[in-house]
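To keep things clear, I will list the structure first and then write my remarks on it.
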Amino acid sequence: MSYDVIALANKIIASTDTERGELISNLKLQKLLYYVQGYNLAVFGKPLFNDSIEAWQYGPVVKTAYHHFKDFGSSAITLTEDDQIAELEDEEEGLFQEVLDEYSQFSAIRLMEMTHDEAPWNDAFHTNPQVEISQDSMKEFFKTQLA
């Protein structure tokens, strides 16, 4: 199933353990959206959201989500009680949580560095900055990352 990218981004933000001092900036959120999308493509063969991911200077970016949260700048994104949070199907939820458990431990800068070393962003950016990263390239790359 495909979800609204803002509701999915809100789910990532809501999953952040602020009690442990974790914060999600827009930069970090963009990378986490890339990782949940990439693994969903590799495991289930379909996107978690339909919005494209572009290869920007600081890594993969979902333009819709970037503009929605840009007023937070580099500060932590906070939600209100009115913000919609995606409710995933059970198998999607399990993978979503696995990806967050693995990648949310890293800083925004470290995630950016990691994406810069990966073929989907690297190939797209060096072809044409701000070009769309193809779902096929993400699917093929993330299949190689599965244990």
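All of the numbers you see were taken from the coordinates with simple rules; none came from a lab. Treat the numbers as computed from the prediction; the structure is a model and nothing was measured. Cβ sites come from the backbone with ideal geometry, for glycine too, and all protein chains shown count toward neighbours.
Ranking Ser25, Val36, Trp56 by Cα position along the charge dipole of the stretch 5-143, where only Lys, Arg, Asp and Glu carry charges on their C-beta atoms, puts Trp56 farthest toward the positive end. Sorting 132-144, 2-14 by their mean Cβ neighbour count within 10 Å, with the most densely packed peptide first, gives 2-14, 132-144. Of the cross-linked pairs Lys46/Lys70; Lys70/Lys143; Lys11/Lys70, those separated by over 24 Å at the C-alpha level are Lys46/Lys70; Lys70/Lys143. Multiplying the residue separation of Gln130 and Phe44 by 0.36 nm and subtracting their alpha-carbon distance yields 28.3 nm. Think of each Lys and Arg Cβ as +1 and each Asp and Glu Cβ as -1; about the Cα centre, that makes the dipole of the chain roughly 540 debye.
The phi torsions of the stretch 29-36, fed into the Karplus equation with coefficients 6.51, -1.76 and 1.60 and a -60° offset, translate into couplings of 4, 4, 5, 5, 4, 4, 5, 5 Hz, rounded to whole numbers, with Gly and Pro shown as x. Among the listed values (1) 15.2, 44; (2) 18.5, 67; (3) 14.1, 42, the one matching Rg and Dmax of the Cα atoms in Å as calculated from this structure is (3).
Rounded to the nearest whole Hz, the Karplus-based 3J(HN,Hα) values (6.51 cos²θ - 1.76 cosθ + 1.60, θ = phi - 60°) of the stretch 113-127 follow the sequence 4, 4, 5, 5, 8, 9, 4, x, 6, 4, 5, 5, 5, 7, 8, with x at glycine and proline. In a fully extended conformation the segment linking Ile85 and Ser107 would gain 5.6 nm over its present Cα-Cα distance, using 0.36 nm per residue.
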